[in-house]
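The values are calculated or read from the model by the stated rules, or taken from the named source; none is laboratory data. These numbers come from a predicted model, not from an experiment. We place every Cβ from the backbone using ideal geometry, glycine too, and count neighbours over all the protein chains shown.
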């Protein structure tokens, strides 16, 4: 017995109800019986052509990967393994353009809601001649568009719908290690999947090693500047806080915005209560009710310090920010999370460099691995 939505075959998760057998592993996405026929949407599609609107040209390396992706996507899954800020979104534009011209369905799926809304805005500016629709919490009424940008949770609405599924940051929570979401993504796509990440997990690397997925690497940002290497401070907690405050005072004098990452919501609240007495700051976590408003205020420079959990770990580009991570040695931060957080620094061509600060009570394997990985990328030809 196999679930037609999440592909679960574990008999422990099947239950016989009044309408037949159904899977309890994905029942939160609405009950679906094993015997049910899932229908594809067979809407009539016409070729769409228009001029892509990019404010800057792709680099030679970006262009080569973009062209190869468009060439191979009809035949195999693809992984773009590129450092943070390398322009992964720009490197899939050829694939999206190919889908539009060939009347194929393309979906951009992302684990986190905030990134969905930002990517939708970016694609709408790049493809002004089509309809780009976001589907996520708070945006579920309109499911029709020439390109769909969705959270991975929303893929349950589609069955063998997409010729190309672009999975951005598949190693991010909550998609990483979630067998149900992985199964739903596979049943939503009838063609091939294009993975985008700076920190591929073991599962994707295994797919590459088994030749089930072709990998393209890019270890340089388009502006040519090296990846920021964080300063690592190992000291007792109160020393770390004193060092951080002095560092933030210097940043305020330089008129530089800072994202301060903390490992938990509780610690975020404590940090905000303390820092708000000194700095004009905001706080952001998964439970923040007005997330978009808080983030927009920071982007518009109405606040100079944003204290955040890992909600801002990936996908968000804010020009000119520096990053500090309190308790960088906390077990909640694996190597990938640290790389992604420090990767918020120096992403823009207008602000290609910046500073990062890791504050730890002790050295940790993940902190060391993060610094080593960044240095290796900078040393690569």
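For region 153-175, name all the residues that are part of a loop (DSSP other than H, G, I, E, B) and under 12 Å from the mean Cα position of the chain (by Cα).
The answer is 169, 170, 171, 172, 173, 174, 175.
Kindly evaluate residue 369 against the criterion of being within 22 Å of residue 197 (Cα to Cα), free of Cβ contacts under 8 Å to residues at least 40 places away in the same chain and crowded, with 23+ Cβ neighbours inside 10 Å. Show your work before the answer.
Numbers: within 22 Å of residue 197 (Cα to Cα): yes; free of Cβ contacts under 8 Å to residues at least 40 places away in the same chain: yes; crowded, with 23+ Cβ neighbours inside 10 Å: no.
Considered against the rule, which asks whether it is within 22 Å of residue 197 (Cα to Cα), free of Cβ contacts under 8 Å to residues at least 40 places away in the same chain and crowded, with 23+ Cβ neighbours inside 10 Å, residue 369 comes out as no.
Based on this model, can you work out whether residue 252 counts as farther than 18 Å from residue 367 by Cβ, out of contact with any helix residue (DSSP H, G or I) (no Cβ under 8 Å at 6 or more places or on another chain) and in a loop (DSSP other than H, G, I, E, B)?
no
For region 304-322, how many residues meet the condition of being more than 19 Å from residue 265 (Cβ to Cβ) and in contact with a strand residue (DSSP E or B) (Cβ under 8 Å, 6 or more places away or on another chain)? Don't jump to the end; show me each part of the working.
Going through region 304-322, the residues more than 19 Å from residue 265 (Cβ to Cβ) turn out to be 304, 315, 317-322.
Adding the requirement that they be in contact with a strand residue (DSSP E or B) (Cβ under 8 Å, 6 or more places away or on another chain) leaves 304, 315, 318, 321-322.
Residues that pass the stated criteria total 5.
Within region 246-273, work out how many residues are more than 25 Å from the chain's Cα centre (by Cα) and surrounded by fewer than 14 Cβ atoms within 10 Å (Cβ to Cβ).
8
Report the residue count in region 176-214 for those that are exposed (fewer than 14 other Cβ atoms within 10 Å of the Cβ), assigned to a helix (DSSP H, G or I) and touching a helix residue (DSSP H, G or I) at 6+ places or on another chain (Cβ under 9 Å).
Of the residues in region 176-214, 1 are exposed (fewer than 14 other Cβ atoms within 10 Å of the Cβ), assigned to a helix (DSSP H, G or I) and touching a helix residue (DSSP H, G or I) at 6+ places or on another chain (Cβ under 9 Å).
Which one of the conditions (1) surrounded by fewer than 17 Cβ atoms within 10 Å (Cβ to Cβ); (2) more than 29 Å from residue 200 (Cβ to Cβ); (3) modelled with pLDDT of 95 or more does residue 375 fail to meet, given that it meets all the rest?
(2)
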